[in-house]
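This report concerns only the one structure given below.
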Amino acid sequence: MPSSQQHSPTLRDCVYGQAVGDALGMPYEFRARGTFECTGMVGHGSHNQPAGTWSDDTSMALATCDSIRATGHVDVRDMRERFVRWYREGAYTVSGLFDIGGTTADALSSGRGRAGERDNGNGSLMRILPLAFTDATDDEVRAVSAITHAHAISREACVRMVHVARRLIAGEGPRDVAGGLTGVPESEVRSGGFVLDTERAALWCLANTSSYAECVLTAVNLGNDTDTTAAVAGGLAGIAYGMGGIPTEWLNALLGKATIDACLF
């Protein structure tokens, strides 16, 4: 199986992998598994956006990247300010904000991360992968999650995801980092918005496929929170297989590439 050992993974591989997965999944968000089949980049659907549009998953990851690029380190206050700019002004988007989770909106409005048991959606996991390309400590990863999602379940999921990404960066193979999920039946994989479901689904997709395209299409076709599952799986697959593994037609269709490039560190 191809792995990250065949190239030197970069932040660009990861972020483009995430953005393409996000854009593939976005038109199918909220649709039940088995009611559709994603085979490529299409437009409209759930949010009525043009083909190649990415959602809040990538926008918040780009804000994270841009903060690190501008400050040179993990600066939680600066990141929060950039998230607010996205929320209030549509920064880091293709053509304006059209999707935001309730926990994220509340946290950015109040200036305080949500820490209740029910505040464990995947809204911090979806933006955490860029930290794998920094020397951020586990506590810094937790603090970045806590900007919006401050419960321990979300914070620890983000720490684990950064560690998985770093293992891929170091050259371990997709199946090696996926925690024994190879061969687990699809029927045992949930793909809703709960952070632990998204974490497990993304790793399951990575473990049970052998290319970038197969990984992200599998993620989308799990249904439900299609854009976030495919964004997280796509970011990991981007690390594992590189931008060279992303189908050219998908990269060509992706919108907002100048915005992405401007945020990379």
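Values in this text are rule-based calculations from the coordinates and carry no lab data. Predicted, not measured: the structure shown is a model, and the values here were computed from it. Note: ideal-geometry Cβ built from the backbone for every residue, glycine included; neighbour counts use all protein chains shown.
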| query | With +1 on each Lys and Arg Cβ and -1 on each Asp and Glu Cβ, how big is the dipole of segment 4-263 about its Cα centre, in debye rounded to the nearest 20? | reply | 260 debye
| said: Can you list, by residue number, the Cys in the chain that have no neighbouring cysteine C-beta under 4.7 Å? | reply: C14, C38, C158, C205, C215
| If packing is taken as the mean number of other Cβ atoms within 10 Å per residue, what is the order of 206-216, 231-241, highest first? | 231-241, 206-216
| request: Give the shape of segment 144-265 as rounded, prolate or oblate, defined through the alpha-carbon gyration tensor: a ≥ b ≥ c are the square roots of its eigenvalues, a/c under 1.5 means rounded, and otherwise the shape is prolate if a/b is larger than b/c and oblate if not. | output: rounded
| message | At a threshold of 8 angstrom on Cα-Cα distance, excluding pairs fewer than six apart, so keeping six or more, what relative contact order does segment 56-210 reach in percent? | response | 20 percent
| Once the dipole of the chain is set up with Lys and Arg at +1 and Asp and Glu at -1 on Cβ about the Cα centre, which of L196, I246, G90 lies farthest towards its positive end? | G90
| task | Using only C-alpha positions, report the orientation-averaged shadow area of the convex hull of segment 15-103, nm², one decimal. | result | 6.4 nm²
| query | For segment 4-263, what is the largest minus smallest coordinate of the Cα atoms on each principal axis, given in angstrom and ordered from greatest to least? | reply | 40, 38, 36
| said: Within 10 Å of each candidate Cβ there may be at most 12 other Cβ atoms; applying that plus a DSSP loop requirement, which GluC sites (Glu not before Pro) in segment 56-126 survive? | reply: E117
| message | Given an 8 Å cut-off on Cα distances and at least 6 residues of separation, report the relative contact order of the chain as a percent. | response | 34 percent
| query | Tell me, how many Å apart are the Cα centres for segment 148-162 and for segment 93-122? | reply | 14 Å
| request: For every helix of n ≥ 4 consecutive DSSP H residues, a contribution of -39,500 (n - 2.57) applies; sum these over the chain, divide by its total residues, and give [θ] at 222 nm rounded to the nearest 500 deg cm²/dmol. | output: -15500 deg cm²/dmol
| So which trypsin sites (Lys or Arg not before Pro) in segment 67-161 are both in a DSSP loop and have at most 11 other Cβ atoms within 10 Å of their Cβ? | R118
| query | PRE reach from L196 (point 7 Å along Cα→Cβ): which of segment 213-257 fall under 19 Å by backbone N? | reply | 225, 229
